[in-house]
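Below: one structure, written as structure tokens.
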Amino acid sequence: MSYRIFIASSLISKEALELILKNNCTYEIGDANDTPEETVKKLGKFQPHALIVNIQEITREALLASSSLKAITKQGVGYDNIDINTASELGIPVMITPFANFESVAEHTLALMLALLRKIPHQDIFTKNGGWDQKDYTGYELFNKTLAIIGFGRIGRRLSELAAPFRTNIIVYDPYLNSEKIPDNITVLNDLNKLLAKADIVSLHCPLTSETKRMIGENELSIMNNYSWIINTARGALINESHLITALRNNKIAGAALDTFEKEPPDADNPLFKLNNVIVSNHIGGLSVNSFRNMGISAVENVLTVLEGEMPDAACIVNPEVLNKSKKNNI
Ligand code: NAD
């Protein structure tokens, strides 16, 4: 059968689009800058059977706009931008592509960590501008540092593997961890304040939920050591951004490397961009040539599997209760 697939972003690999066409389906692509209201309009007009989402907000109105909608997938894993409650209420399975981009995020986190400690972005600008003066340079090694990983899932775990050869001491906070699967070199410390007090580097890798929103604020930043750094490649809203700015301005912590922000895209005059002890990237942690191709292909496979009435991989389903219902209703 031929299905209509709407891609709520201009970001999708050509291999994914080829796969859609190979399966005799049609597609329409939104724009990366579409507002939620524009997405609603486009969905209403195209009436897709499936929706592929990137980082755009998918509201209740968007989900109600297409009466044909039977499957939704995120290209990636963080699904906090999709109204899951409404999708579940409508009986629509929501999926993610968990195996496509965790390597990319873990490597980007390590890259940010090294760039922050070695001050590589500053060195790049300084040297290219004719600077040649080593006496004021203060870089740090990752060697022997205590790395605190908050959220020990696919990305947190992979980061721990990448950081281990630097002989870091790795401590982990994850209240939902299955303790049987902890490697020997990892210490679990499920007391956030104690973990923050011990850390040289704190790296966030948990999902954004009502429980984790602003889990790092004034209190947590005050517990961190004044020589410690924070890295956030998960979601901006895990940190209270204005409290972070204050802590960085007052040297309560040594620095931050951020791939994600409370508001995305951030305002051009975001005070973080003026701070010398901050380095940033624009939410590209999960993007590499490889992961981009794989996320698109996995997303298309996800929606085609559901549209054909088959069960997708259990690791991909966000609201599995809906699948059992849809199976009964034979979608
Ligand atoms: P995952 O589901 O494999 O792991 C998340 C871990 O967080 C789980 O082990 C879970 O138990 C833990 N967790 C849940 N609540 C927690 C809490 N209150 N405190 C501490 N830990 C908690 O997910 P993943 O694939 O490792 O991805 C993690 C996050 O990274 C995603 O939710 C997403 O927001 C973000 N992400 C960002 C990018 C990017 O481009 N920057 C790309 C992919 C994912």
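Of the trypsin sites (Lys or Arg not before Pro) found in the range 68-142, those that fall in a DSSP loop while having at most 16 other beta-carbon atoms within 10 Å are Lys135. Remark: the range 1-142 is approximated by an ellipsoid whose semi-axes, taken from the C-alpha gyration tensor as √(5λ), come to 42, 16, 15 Å, largest first. Compute the Cα gyration tensor for the range 185-267, then decide on rounded, prolate or oblate, letting a ≥ b ≥ c be the square roots of its eigenvalues: rounded whenever a/c is under 1.5, prolate when a/b is larger than b/c in the other cases, and oblate in all that remain. It is oblate, given that a/c is not under 1.5 and a/b is not larger than b/c.
How large is the Kirkwood hydrodynamic radius of the range 221-331, counting all unique pairs of alpha carbons, in Å?
Details: mean 1/r = 0.0584 Å⁻¹.
Final number for the Kirkwood radius of the range 221-331 is 17.1 Å.
Cα centroid separation, the range 124-194 to the range 18-58: 38 Å. On a per residue basis, the chain carries 50 Å² of accessible surface, using protein heavy atoms and a 1.4 Å probe. Here the scattering of the range 154-296 is modelled by Debye summation over its C-alpha atoms, one equal scatterer each and no solvent; at q = 0.10, 0.19 Å⁻¹ the log10 of I(q)/I(0) is -0.35, -1.26. To put it simply, the accessible area of the chain at a 1.4 Å probe is 51 percent carbon and sulfur.
Normalised by 2.2 N^0.38 Å, where N counts its residues, the alpha-carbon radius of gyration of the range 116-210 equals 1.33. Relative contact order of the range 200-331: 18 percent, from C-alpha pairs under 8 Å at least 6 residues apart in sequence. Among the GluC sites (Glu not before Pro) within the range 177-269, those in coil by DSSP and having at most 11 neighbouring Cβ atoms inside 10 Å are Glu211.
Could you tell me the relative contact order of the range 143-208? Use alpha-carbon pairs under 8 Å, at least six residues apart, and round to a whole percent.
On the way: 107 pairs, mean separation 31.6, N = 66.
Here the relative contact order equals 48 percent.
Both radii are taken from the alpha-carbon atoms of the range 27-85; with Rh as the Kirkwood radius, Rg/Rh is 0.90. Rg/Rh for the chain (Cα atoms only, Rh after Kirkwood) is 1.01.
A straight line joining the Cα centroids of the range 64-101 and the range 198-248 runs 28 Å. Using a cutoff of 8 angstrom between alpha carbon atoms and counting only pairs six or more residues apart, the relative contact order for the chain works out to 19 percent.
The values are calculated or read from the model by the stated rules, or taken from the named source; none is laboratory data. Here the structure is a predicted model, which is why all the values come from computation and not from measurement. For neighbour counting, all protein chains shown are included, and Cβ atoms are generated from backbone atoms with ideal geometry for every residue, glycine included. These accessible areas exclude ligands, DNA and RNA; they are computed on the full protein's heavy atoms, side chains included. Shrake-Rupley method; radii C 1.70, N 1.55, O 1.52, S 1.80 Å.
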